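For reference, the structure discussed in these notes is given below.
The values are calculated or read from the model by the stated rules, or taken from the named source; none is laboratory data. A quick note: this is a predicted structure, and the numbers were derived from the prediction, not measured. Note that we place each Cβ from the backbone using ideal geometry, even for glycine, and neighbour counts take in every protein chain shown.
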Amino acid sequence: MNRLFIYILALGVFVTATSELVVAGILPAIAEDLHISIAIAGQLITAYSVAFAVGTPIIVSLTSRLERKKVLAGSLAAFILGCLVSFVSTNISILMISRMMLGISSGVYLVVVFSSVAKLVPADKIGGAIGTVILGFSCAMVLGVPLGIAITQWFHWQVIFMMLAIFSLLIMFIIIRLLPTIEGDAPVSFKQQFAVLGNVAVVSGLFLSFFRESGNSVMFTYMTPYLQTILHMTSSEIGVMMLIFGLFGVIGSRLGGYIVDKWGTARLMIGGIAIHALSLVLLPLFSATYAVGLGLIAVMVFTMFVTGPAIQTYFIQQAPESSNLILSLNTSIIHLGLATGAGVGGAIAGAASTVLYNPWIASGIVVLGLAAAIVSVAWGRRVFSKVAA
């Protein structure tokens, strides 16, 4: 029965993640409808990420002691309100406010889902549960974004947000009626919660997330130009390949949870990130070989998603008494990394007048994440050995 609950929560992640990802695909439609430039419309993505990064840790910390079902329902209620504001938006200012509402509510929902599923399953099944949650996010990439683009073509971009509001209302109703009571964190003062940030294993783990996501963003933000100008693919071919890459992400997130439960987090984190960095290093070297280039990108996507459950599970294991705080900080770090990587990737592409070298820059940043992972795991084992002794 717990598995059913986890899939219900993952469905909510699919809906909230779609609200984040779909905007990139419909920016031209939004810009044309609101009579603004693409550059201004692009700030809707920035507003979402900043609100997600800043607001999520604050709200999660303030609600950490509350029963989880109430927080999940509350975050979805706020998300529905944000969707409705997006639906009725007639100018960029109102739409920007709605994006901030969606960013905070989506962030709170995602973090509370992570901490909730960890309490719904035995300790040796946490990896698989986290993998199922991440599956909701990867499915949003594969299905949510293309569906959003199709709805925009068939009807209007605002219809997307009305549909997201309706689905969210249904999920909220199911959560309220069926989800069992899940207690919040034990009463811990803010001082004690933030004391975990003095833990070298946790802090270096946060650096891992930042560098990993920055490297990913250097490459992924400019994936379409890379496929067009380096691998010489047409627009229709790119659409098909992005769907295939998304399927690799779905498989990776599902398999990652299984591997975590069998082999533990450390091996998967370090091994997966190392392969991730290697695929990026090799990519420009095979720019003239169409099939190998696509294969390396598929490996990169797969390793990126297969390590996701390991990283989230690792944070829960490192700070179980402050899991909500650490998970919310980690999601904030992830969004800051994405924004940083997009800026760095754009600067490199502008200076070189090509995106050919973006994979090498991305690889160097991911290697920094690998170093942070090694430091985190080594320090954690050292502390464990001292405690055991």
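Give the number of residues within the stretch 7-48 that are surrounded by 21 or more Cβ atoms within 10 Å (Cβ to Cβ) and hydroxyl-bearing (Ser, Thr, Tyr). Residues that pass the stated criteria total 4.
I need a count of the residues in the stretch 78-95 that are part of a helix (DSSP H, G or I) and either crowded, with 20+ Cβ neighbours inside 10 Å or under 21 Å from the mean Cα position of the chain (by Cα) (or both). Going through the stretch 78-95 one residue at a time, the tally reaches 7.
Within the stretch 49-72, the set of residues being surrounded by fewer than 17 Cβ atoms within 10 Å (Cβ to Cβ) and either farther than 22 Å from Ile334 by Cα or in contact with a Phe, Trp or Tyr (Cβ under 9 Å, 6 or more places away or on another chain) (or both) comprises Arg65, Leu66, Glu67, Lys70. Going by the conditions given, is Ala186 modelled with pLDDT under 90 and either on the phi > 0 side of the Ramachandran plot or out of contact with any His (no Cβ under 6 Å at 6 or more places or on another chain) (or both)? In short, yes. Checking Ala310, Ala319, Ala362, Ala339 one by one, the residue that is of a type in the set (A, V, I, L, M) and more than 30 Å from Leu72 (Cβ to Cβ) is Ala362 and no other.
Per the listing Thr63, Thr56, the residue uniquely over 15 Å from Leu102 (Cα atoms), in the same structural domain as Ile176 (by TED's automatic domain parsing) and β-branched (Val, Ile, Thr) is Thr63.
Quick grid of which residues meet (1) among the hydrophobic types (A, V, I, L, M, F, W, C); (2) assigned by TED's automatic domain parsing to the domain that holds Phe87; (3) without any contact (Cβ under 8 Å) to a residue 24 or more places away in the chain:
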| site | (1), (2), (3) |
| --- | --- |
| Trp154 | yes, yes, yes |
| Trp157 | yes, yes, no |
| Ile160 | yes, yes, no |
| Ala165 | yes, yes, no |
| Leu169 | yes, yes, no |
| Met172 | yes, yes, no |
| Pro180 | no, yes, no |
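Of all the numbered requirements in (1) at pLDDT 80 or above; (2) closer than 22 Å to Gly350 by Cβ, Thr224 misses one, and that requirement is (1). For Ile316, indicate whether it is assigned to a helix (DSSP H, G or I) and either modelled with pLDDT of 85 or more or over 19 Å from the mean Cα position of the chain (by Cα) (or both). Judged against the criteria, Ile316 is not a match. Within the option set Thr289, Thr307, being crowded, with 22+ Cβ neighbours inside 10 Å and polar (S, T, N, Q) holds for one residue only, Thr307. Condition (residue is hydrophobic (A, V, I, L, M, F, W, C) and part of a loop (DSSP other than H, G, I, E, B)) applied to the stretch 39-50: is it met by at least one residue? Within the stretch 39-50 (the criterion being hydrophobic (A, V, I, L, M, F, W, C) and part of a loop (DSSP other than H, G, I, E, B)), the answer is no, since none of the residues qualifies.
Tell me which residues, restricted to the stretch 219-244, are among the polar types (S, T, N, Q) and within 17 Å of Ala24 (Cα to Cα). Correct list: Thr221, Thr224, Ser235. Tallying residues that are surrounded by 19 or more Cβ atoms within 10 Å (Cβ to Cβ) and either modelled with pLDDT of 85 or more or not hydroxyl-bearing (Ser, Thr, Tyr) (or both) within the stretch 319-335 yields 10. Given the criteria outside the structural domain of Tyr314 (by TED's automatic domain parsing), within 22 Å of Leu170 (Cβ to Cβ) and not small (Gly, Ala, Ser), does Leu120 qualify? Yes, satisfied.
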